[in-house]
């Protein structure tokens, strides 16, 4: 099979065609072999939360093909008092969990209607919203007074959304996560053992009632200590939590189902995501849990700089996200959910507030979805000397369709030599995401080179 150097886009913009683009570094070679399939493109472009909808379609989520929305911190502080959280849906813990009148489903029902109408699957976190001012007073982050009753309440919530109980629905929500970041004081005032016991009681009850569901946790804070030498003792304790949790759920006397293990990381280095994913994978396998899904359900671009929350919306964040998608696809991560897509939240990287307009980073999600919709990953490689700034991922679909995502995270333009096998007769079009363009068509040159501006993402489609 011949290798073809594609004539894809020298200068990308009409305006920039008038100005020579100077690339200081040597050209980066990206090789794509459409004859070598590597399995399905994973649903990595999930999110946490979204615009609040009361049944209305969310066209941005539909258009980006968002596969999952994890509902943690939904609706704002204290879950907006009406959404998702157990105390919002079951406000009086002394009430009868078998009585539909004990529940307040209305606003969560309306929210879920809009998400599902937009083609998004629910990833349900059974627990509470973070209480960042817990030092003043903690309201909902204490261990439940009765673990068995808490499990029964969770069961009824599942029945409402999956079996139609209490004028409910048949959404078929598959993933049910028990609590979030119990290592973190704003999320859990109890001890490690109290959380482990809560997990054991709830997970076993739900699996007994619904064997088909995927039950897991515990949405761990992360594993910063494995590679950050200045990590403090608090973050080092996250490793102890993980080790002891795995020992607990696999011990005969305390065995509990763990269909998935979920964890978090906030970083400016996409390679750190893979490092931590491999750590989780190795730990799960060592514990005899090789079939437990590795789910990365909170992540974002954080630099520690004063403007980091602005950067996550602009090209630094967009290029990081696109690079992360490329790397996560070839990691043990099964699914990923970005935090966050609630416009009013500081960590929201997909919408500007208060306009509600989508950001540069949103378009990285949309670009990745083009590969996800094609379905099958094909072999792609970048030269080792360029692997820290140039990232690429390719996919093919039915009818000879294919696409390549190419990312330049460097602070200077880069010349890309895009070589392919299996696309000799295919016409290519290029769509550019950079500081001036939002995944818009770019001119195709005749010199066989793709010039990417600094901090840019190109989607090449056939």
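With a 10 Å radius around each residue's Cβ, average the other Cβ atoms per peptide and rank 254-260, 279-285, highest first.
Values: 254-260: 19.1, 279-285: 17.1.
Ranked from most to least packed, the peptides come out as 254-260, 279-285.
When 30, 382 are ordered from fewest to most other Cβ atoms inside 10 Å of their Cβ, what list results? Present the calculation step by step, with values, prior to reporting the outcome.
Values: 30 24, 382 21.
Fewest-to-most Cβ neighbours within 10 Å comes out as 382, 30.
Compute the Rg/Rh shape ratio of the chain: radius of gyration over Kirkwood radius, all on alpha-carbon atoms.
Dividing the radius of gyration by the Kirkwood radius yields 0.99.
Determine, at each q value in 0.18, 0.27, 0.30 (inverse angstroms), the log₁₀ of I(q)/I(0) that the Debye formula gives when each Cα of region 57-115 is one equal point scatterer.
The Debye formula, applied to the Cα set alone, gives -0.69, -1.11, -1.21.
Based on the mean of other Cβ atoms within 10 Å per residue, sort peptides 338-344, 176-182, 301-307, 192-198 so the most packed one is first.
176-182, 338-344, 192-198, 301-307
Only Cα pairs under 8 Å and at least 6 apart count here; give the relative contact order of region 46-374 as a rounded whole percent.
Over region 46-374, the number comes to 17 percent.
I need 264, 72 ordered by Cβ neighbour count within 10 Å, fewest first.
Arranged by neighbour count, lowest to highest, 264, 72 become 264, 72.
Can you put 360, 152, 388 in order, fewest other beta carbons within 10 Å first?
In order of increasing Cβ crowding within 10 Å: 388, 152, 360.
Rounded, prolate or oblate for region 292-438? Axes are the square roots of the Cα gyration tensor eigenvalues, ordered a ≥ b ≥ c, and the cut-off for rounded is a/c under 1.5.
The shape class here is prolate.
Using helices alone, what [θ] at 222 nm do you get for the chain, with -39,500 (n - 2.57) per DSSP H run of 4 or more residues, divided over all residues and rounded to the nearest 500? Before the final figure, lay out the partial values.
On the way: 10 runs with 124 residues, N = 462.
Estimated from H runs of four or more residues: -8500 deg cm²/dmol.
Mind ordering 43-56, 160-173 by average Cβ neighbours within 10 Å, highest first?
43-56, 160-173
All of the numbers you see were taken from the coordinates with simple rules; none came from a lab. Only a predicted model underlies this, so the values are computations on that prediction, with no experimental measurement involved. Note that each Cβ is placed from the backbone with ideal geometry, even for glycine, and that neighbours are counted across all protein chains shown.
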